[in-house]
Amino acid sequence: MVRKKTKTELGKATLASVTKEMAKPRMARSARIAQLKMDTTRVAERPSITLSGIVDRIVLSRCRSQTEKAHIAVDGADHRYRDLRIENTFIDEHGDDVKLKMGAEVNVTISCDPKDASSQN
């Protein structure tokens, strides 16, 4: 006859990942941060976020000395702050000048210096 497992036997079982994590020495958060800062091979990334958007329209300038602007509607931003206007002059990987077309899908990346960012904890 097959023996059924009781609830206490199932409760004592631990996952392999938990056992592996428990085997590591405990370290305070400040010590982990200090260890990361001392690592010279690590390149610190800047805090950033990438949002998608669509080029709504191309705004032509009134005078020739100014460049045309691309009006971008950013998804995920508040309604009042979702519109961006940037110069519509870009350089591709070959060094050629390129411009955005109306309806083009773009990714907008916003980043800052690590010293200017604060933790949410």
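Could you count how many residues in the range 16-33 are among the aliphatic types (A, V, I, L, M) and closer than 28 Å to Ile110 by Cβ?
Matching residues across the range 16-33 total 1.
Can you work out which of the residues in the range 37-52 that are surrounded by 10 or more Cβ atoms within 10 Å (Cβ to Cβ) and among the hydrophobic types (A, V, I, L, M, F, W, C) is nearest to Ala73 (Cα to Cα)?
Leu51
Table: residues versus (1) on the phi > 0 side of the Ramachandran plot; (2) among the basic types (Lys, Arg); (3) in contact (Cβ under 8 Å) with a residue 12 or more places away in the chain.
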residue: Thr41; (1), (2), (3): no, no, no
residue: Arg57; (1), (2), (3): no, yes, yes
residue: Arg64; (1), (2), (3): no, yes, no
residue: Gly76; (1), (2), (3): yes, no, yes
residue: Leu100; (1), (2), (3): no, no, yes
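Among what's in the range 1-42 and is of a type in the set (Ser, Thr, Tyr) and more than 29 Å from Lys115 (Cβ to Cβ), pick the residue that is modelled with the lowest pLDDT.
Applying the filter and picking the extreme gives Thr8.
Within the range 106-121, how many residues are over 30 Å from Arg29 (Cβ atoms) and surrounded by 10 or more Cβ atoms within 10 Å (Cβ to Cβ)?
2
Report yes if Leu60 is surrounded by 13 or more Cβ atoms within 10 Å (Cβ to Cβ) and out of contact with any helix residue (DSSP H, G or I) (no Cβ under 6 Å at 6 or more places or on another chain), otherwise no.
no
The values are calculated or read from the model by the stated rules, or taken from the named source; none is laboratory data. Source: prediction; values computed, not measured. Methodologically, a virtual Cβ is constructed for each residue, glycine included, from the backbone with ideal geometry; neighbour enumeration extends over all protein chains shown.
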